[in-house]
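Below is one structure, written out as structure tokens; comments come after it.
The values are calculated or read from the model by the stated rules, or taken from the named source; none is laboratory data. These figures come from a predicted structure and were not determined experimentally. Ideal geometry is used to build each Cβ from the backbone, glycine not excepted, and the neighbour counts take in all protein chains shown.
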Amino acid sequence: MIIRLTCIVFALVAIFSCKTSTEENLLTDYPAIAEDGSVNAVIEIPAGTEQKWEVNKTSGIIEWEQVDGTGRIVNYIGYPGNYGFIPQTLLAEKDGGDGDPLDILVLGSPVNRGSVIKCKIIGVLYLQDRGEQDDKLIAVAKDSPFYQLDSLEDLEATYNGVADIIRLWFSNYKGPSKMVPKGFGDHDAAQQVLEAAVTGYQNK
């Protein structure tokens, strides 16, 4: 009996260790745009880490993605920024998207998984994942030195090579030729992607 109870306890620990603990629905309980005009970003994967966590689109809880019963690890160097999504957005499949919230990479110091941070968009990396639109907004965290930047040009001028690192990372982290980069878009182009995703969520 004791052995059986111990096995149950260990099983429950394994399950809950693959989920963030929160009573909030991170998909729906935050607006895409904060009251001060900043963009809200929910962080699934802290900068520099390799564990592939993602939001459950039913519960709004962040979970460790499982592959054959094992937590997925990105077979590459760690993420080049805090990676996550913008709440209350949707890249609709009918518009060429993947049916998921809009992805965002936020430059700044690593933050805890499940954090909701304010940021400013400076551009977008256009990507295709097996023929589907899988754009990544590029943003700078409000409470970081990067927040002085307003554009990808500013990023290149101040932190030479970072944009190339981002493009190369997303082009290769799933393996050769899995992700196809289609170039960068400026702040205005990124804003259009965001507005389309907000509209997609509202019309879902």
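Overview of results
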item: Residue within region 10-24 that is surrounded by 15 or more Cβ atoms within 10 Å (Cβ to Cβ), modelled with pLDDT of 95 or more and of a type in the set (Lys, Arg) present; result: no
item: Selected residue [touching a strand residue (DSSP E or B) at 6+ places or on another chain (Cβ under 8 Å) and not hydroxyl-bearing (Ser, Thr, Tyr)] from ASP150, ASP164; result: ASP150
item: LYS136 vs. criteria closer than 28 Å to LYS94 by Cα, surrounded by 13 or more Cβ atoms within 10 Å (Cβ to Cβ), of a type in the set (Lys, Arg) and in contact with a strand residue (DSSP E or B) (Cβ under 8 Å, 6 or more places away or on another chain); result: yes
item: Residue within region 50-66 that is within 26 Å of HIS187 (Cβ to Cβ), among the β-branched types (Val, Ile, Thr) and surrounded by fewer than 23 Cβ atoms within 10 Å (Cβ to Cβ) present; result: yes
item: Unique match (being touching a residue at least 40 places away in the same chain (Cβ under 8 Å), out of contact with any helix residue (DSSP H, G or I) (no Cβ under 9 Å at 6 or more places or on another chain) and closer than 24 Å to TRP53 by Cα) among LYS118, LYS182; result: LYS118
item: Residue, farthest from the chain's Cα centre (by Cα), within region 146-204, restricted to residues that are among the charged types (D, E, K, R) and farther than 26 Å from SER109 by Cα; result: LYS204
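This table checks each residue for (1) closer than 30 Å to GLU23 by Cα; (2) touching a Leu at 6+ places or on another chain (Cβ under 7 Å); (3) among the hydrophobic types (A, V, I, L, M, F, W, C).
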{"residue": "GLY108", "(1), (2), (3)": "yes, no, no"}
{"residue": "ARG113", "(1), (2), (3)": "yes, no, no"}
{"residue": "GLY123", "(1), (2), (3)": "no, yes, no"}
{"residue": "LYS136", "(1), (2), (3)": "yes, yes, no"}
{"residue": "PRO145", "(1), (2), (3)": "no, no, no"}
{"residue": "GLU156", "(1), (2), (3)": "no, no, no"}
{"residue": "ASN160", "(1), (2), (3)": "no, no, no"}
{"residue": "TRP169", "(1), (2), (3)": "no, no, yes"}
